[in-house]
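Chemist: Dropping the structure in here first, questions after.
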Amino acid sequence: MFFYLFHLTVLRLLYHTALAWWGPTDGGVFMVDSYGWVLAWYAGLIIPLYLPTAWFSRLKQRRRDIAWLRFF
């Protein structure tokens, strides 16, 4: 659940940043002119998204006494 919520939050922040920077489009392609850009974003976000997820996983295993961690 943490993975899901964290990644959705990051994607939403990226969306709002891009919207503020470039503004809305008229139904055209938004920041992604080719599949290569999709792969570039994917490669660029692997480590920044993996590190907090791995940290939370270690925290969850280490602190079994915190009840709300079981939900995430």
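Chemist: Report the full-extension gain for the segment His16 to Tyr4: residue separation times 0.36 nm, less the Cα-Cα distance, to one decimal in nm.
Modeler: Numbers: separation 12, 0.36 × 12 = 4.32 nm, distance 1.84 nm.
This chain segment gains 2.5 nm when fully extended.
Chemist: Follow-up question, since we're still on this one. Label points 7 Å out from Cα along the Cβ direction at Leu49 and Arg63: separation in nm?
Modeler: 2.5
Chemist: Per residue of the chain, what 222 nm ellipticity follows from adding -39500 (n - 2.57) for every DSSP H run with n ≥ 4, rounded to the nearest 500? Kindly include the intermediate steps, with their values, before the conclusion.
Modeler: Working: 2 runs with 49 residues, N = 72.
Mean residue ellipticity at 222 nm (helix-derived): -24000 deg cm²/dmol.
Chemist: Same structure, new question: Which of these values of Rg/Rh (Cα atoms, Kirkwood Rh) was calculated from the structure shown: [x] 1.10; [y] 1.13; [z] 1.00?
Modeler: Correct label is [y].
Every read-out reported here was derived from the displayed coordinates using simple, explicitly stated rules and does not represent laboratory data. Keep in mind the model is a prediction, meaning the values are calculated, not measured. No Cβ is skipped: glycine too gets one built from the backbone with ideal geometry, and neighbour counts run over all protein chains shown.
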